[in-house]
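Please read the structure below before turning to the comments.
The values are calculated or read from the model by the stated rules, or taken from the named source; none is laboratory data. Small disclaimer: the values here were computed from a predicted structure and weren't measured. Every residue, glycine as well, gets a Cβ built from its backbone with ideal geometry; the counts of neighbours run over all protein chains shown. We work out accessible area using only protein heavy atoms, side chains counted, and drop any ligands, DNA or RNA first. Shrake-Rupley method; radii C 1.70, N 1.55, O 1.52, S 1.80 Å.
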Amino acid sequence: MKKLNTGLGYLKQAWLVLVLALVFGMALANVQAALGPRIEQNKLDEALEQVPLLVRGAIAGVPVGLGDSRVYGALGAEGELLGWVVMGNGQGFAGRIELLIGLDRSLDTVTGVYVLDQRETPGLGNHITDEKWRLQFLGKKTHLPLEVIKEGVPAAHQIVAVTGATISSKSVAQAVNKAVNLVRSRKDVLQQETRRLEQMQPASKPRAGE
Amino acid sequence: MAKEMPTALERFLNGILPENPVYRQLLGLCPTLAVTSGVASAMTMAGATAFVLICSNVMTSLIRGFLKPHLRILIYTLTIATFVTIADRFLAAYMWSMSKQLGPYVPLIIVNCVIVCRCEVCSSKQPVFVAASDALGQSLGFGLALLSIASVREVLATGAWAGLRVLPDTWPNCGAMGLPPGAFITMGLLLGLVNWVSARRKTLKSSAGSAK
């Protein structure tokens with residue numbers, strides 16, 4: 001009996017778990033490979049839909065080539081560049097949080113934050129999607145990293161956490177900081193893109209929702 | 001072990017009312033309360049749960065001969081988690097806005113006790129056909145329970161059923177019914193109603209029996 005608890009004995013006990021884990025893992029990998037691109041497309045569509053809400057006056061977003069990061073230029077009715085929308089993400093309390101962050105043309109001010117995907121605790125952490133809470137980010141200057149405080153009156157670079165969900169709130173603020181730092185460090189590329197976008201003929205400018 | 005196991009038909013019928021997961025076993029109440037603010041989301045949830053329940057019941061039944069007692073829960077969880085992930089990805093790919101509306105409740109099907117309960121009670125002991133009809137019956141029962149609660153809540157909260165206006169525009173929308181308290185109140189009242197009806201039927205039956 002004692003021998004059963006070593007080496008081969010363990011395998012004898014657990015072979016079904018191992019086989020199932022392998023089979024299910026492969027099945028899930030296939031599902032992800034088949035559906036992944038479609039889900040990404042859904043996210044992209046939603047991101048483009050949100051551009052007008054994140055940058056005031058914008059009617060359309062165009063993807064900007066900035067390495068592998070997701071940045072959109074937000075264009076106004078005349079095809080002029082009004083700001084940027086950056087995709088950010090971070091580890092939340094229960095899963096990855098994906099955000100869209102609106103920035104003004106000069107990357108100095110946050111013009112809006114939208115939660116694209118989250119798995120936070122219902123009733124607590126998922127309040128990060130509430131518009132009232134997200135409005136706190138509006139108008140924050142980007143030269144100082146954002147901080148989260150639990151209560152009290154926030155200073156210019158501070159955000160008051162969702163009650164009972166400090167971790168979720170911090171994740172959002174950190175994701176914003178990370179994304180903002182990234183685009184600010186690539187300012188030169190964005191300036192080139194600005195010129196390229198503004199040289200585009202108004203006739204060829206993309207429209208929202210298409 | 002001498003007790004006879006229920007047949008496939010009995011399993012199926014049991015799931016609908018006599019052993020209804022919500023009204024009789026009081027299982028799976030978390031999604032029941034959370035997603036029944038509208039008929040559309042309740043039905044999507046019921047569909048996803050049915051898919052997971054049927055698949056994992058069939059799977060567990062297929063491998064029931066190899067289950068080791070101390071590893072069985074681990075294997076149920078592994079199986080259920082796989083099908084939940086498939087359901088979750090499918091919703092995200094083809095029903096994006098609904099998937100966002102349901103949020104974490106689809107992944108949370110993993111811990112829905114209805115499914116573990118059916119694996120343990122039925123499919124780890126009975127053949128595939130019985131396990132499948134058990135899962136069908138339970139899914140139907142779960143779906144009907146969600147539908148009944150969601151119908152009451154959505155109509156009272158918005159005057160509409162599945163998005164279609166059913167009450168006159170003068171109906172004062174009762175917003176609280178769409179919120180968690182409304183879920184508890186509706187659930188409690190319907191549960192009471194189901195119990196009252198069945199208790200009445202029982203007394204009627206027994207008085208009819210004694211009269212003979």
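For the stretch A:53-91, residues that are farther than 20 Å from residue A:166 by Cα, in a strand (DSSP E or B) and of a type outside the set (Asp, Glu) total 18.
The residue that is farthest from residue B:29 (Cα to Cα), among those in the stretch B:147-195 that are of a type in the set (S, T, N, Q) and outside any helix (DSSP H, G or I), is B:170. How many of the residues making up the stretch B:60-83 are out of contact with any Cys (no Cβ under 9 Å at 6 or more places or on another chain), closer than 19 Å to residue B:133 by Cβ and open to solvent by less than 50 Å² (accessible area, probe 1.4 Å)? Qualifying residue count for the region: 1. Screening the stretch B:91-104 for residues that are part of a helix (DSSP H, G or I) and either more than 7 Å from chain A (Cβ to nearest Cβ) or in contact with a His (Cβ under 7 Å, 6 or more places away or on another chain) (or both) and picking the one that is surrounded by the fewest Cβ atoms within 10 Å (Cβ to Cβ) gives B:97. Could you please let me know if residue B:178 is in contact with a Lys or Arg (Cβ under 8 Å, 6 or more places away or on another chain), free of Cβ contacts under 8 Å to residues at least 60 places away in the same chain and open to solvent by less than 30 Å² (accessible area, probe 1.4 Å)? Spelling it out, it is not the case that residue B:178 is in contact with a Lys or Arg (Cβ under 8 Å, 6 or more places away or on another chain), free of Cβ contacts under 8 Å to residues at least 60 places away in the same chain and open to solvent by less than 30 Å² (accessible area, probe 1.4 Å).
Within the stretch A:20-78, the set of residues being within 19 Å of residue A:195 (Cα to Cα) and of a type in the set (Gly, Ala, Ser) comprises A:58, A:60, A:61, A:65, A:67, A:73, A:74, A:76, A:77. Number of residues in the stretch B:1-36 that are open to solvent by 50 Å² or more (accessible area, probe 1.4 Å), under 28 Å from residue B:176 (Cβ atoms) and among the hydrophobic types (A, V, I, L, M, F, W, C) equals 3. Of the residues contained in the stretch A:35-45, none is found to be surrounded by 13 or more Cβ atoms within 10 Å (Cβ to Cβ), more than 14 Å from chain B (Cβ to nearest Cβ) and touching a residue at least 24 places away in the same chain (Cβ under 8 Å). Contact map, the stretch B:69-82: first residue at the interface with chain A (Cβ under 8 Å from one of its Cβ atoms) and within 21 Å of residue A:27 (Cα to Cα), second residue crowded, with 22+ Cβ neighbours inside 10 Å and of a type outside the set (S, T, N, Q), Cβ cut-off under 6 Å, separation 6 or more or different chains; pairs are B:79/B:59. Here residue A:111 fits the description: more than 14 Å from chain B (Cβ to nearest Cβ) and either open to solvent by 10 Å² or more (accessible area, probe 1.4 Å) or assigned to a helix (DSSP H, G or I) (or both). Within the option set A:94, A:14, being among the small types (Gly, Ala, Ser), in a helix (DSSP H, G or I) and out of contact with any His (no Cβ under 7 Å at 6 or more places or on another chain) holds for one residue only, A:14. Taking every residue in the stretch A:122-142 that is on the phi < 0 side of the Ramachandran plot and pairing it with any residue that is part of a loop (DSSP other than H, G, I, E, B) and open to solvent by 50 Å² or more (accessible area, probe 1.4 Å), at least 6 positions away or on another chain, the pairs with Cβ-Cβ distances below 7 Å are A:124/A:164; A:125/A:93; A:125/A:94; A:141/A:108; A:141/A:156; A:142/A:108. The set of residues from the stretch A:114-130 being in contact with a helix residue (DSSP H, G or I) (Cβ under 8 Å, 6 or more places away or on another chain), more than 15 Å from residue B:99 (Cβ to Cβ) and either facing chain B (nearest Cβ under 10 Å) or part of a loop (DSSP other than H, G, I, E, B) (or both) comprises A:120, A:121, A:123, A:124, A:125.
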